[in-house]
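A short worksheet on the structure shown next.
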């Protein structure tokens, strides 16, 4: 590989060939580095790809004495930390929504006909798309964590998150009148 100062100058001038050299040399290393922080390789690959896209967009602003390797490591590290924080926020929100749903439906549970309640919930779950219903049942009834569901179904954790979010949203919308089951029967 060329002298790093020469490559940095080429990058500052938006030389695609220089970017390709950097990408080929560091991409796999950055994915492995991201894997240290993240749960899945696809997630690490996504972080590395995003870092390289941003690197290309900002390479004009590099100083000639920049260390490409240090820049990339720092960018991947920061992106991983941000992803972890974001996942914690999403998980906290998800747990809050689940808690609110459970506590609001639990309020009048004793007063309601348990069979009618169970039937109504099962009917709404059965209306979900098959994969979405399967993911919901594994999470809510089997008690599996998202990572376990993903491994069991050979899908990504992100897919599990999206499908679970969709299921919760649909069920929340369709079961909003659950407290009124007793009045309707």
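The values are calculated or read from the model by the stated rules, or taken from the named source; none is laboratory data. Note that the structure is a prediction, hence the values are computed from the model and not measured. Cβ placement follows ideal geometry from the backbone for every residue including glycine, while neighbour counts extend to all protein chains displayed.
Of note:
- For segment 42-57, a residue qualifies if it is closer than 18 Å to residue 86 by Cα and touching a helix residue (DSSP H, G or I) at 6+ places or on another chain (Cβ under 6 Å), and the qualifying residues are 44, 45, 47, 48, 51.
- Matching residues in segment 24-68 - criterion: being part of a helix (DSSP H, G or I), within 23 Å of residue 13 (Cβ to Cβ) and touching a residue at least 60 places away in the same chain (Cβ under 8 Å): 68
- Take the conditions (1) touching a helix residue (DSSP H, G or I) at 6+ places or on another chain (Cβ under 9 Å); (2) under 25 Å from residue 149 (Cα atoms); residue 30 misses just one of them, which is (2).
- Segment 142-185, subset part of a loop (DSSP other than H, G, I, E, B) and in contact with a helix residue (DSSP H, G or I) (Cβ under 9 Å, 6 or more places away or on another chain), residue modelled with the lowest pLDDT: 185
- Any hit, segment 60-75, residues being within 28 Å of residue 155 (Cα to Cα) and either in the same structural domain as residue 12 (by TED's automatic domain parsing) or surrounded by 15 or more Cβ atoms within 10 Å (Cβ to Cβ) (or both): yes
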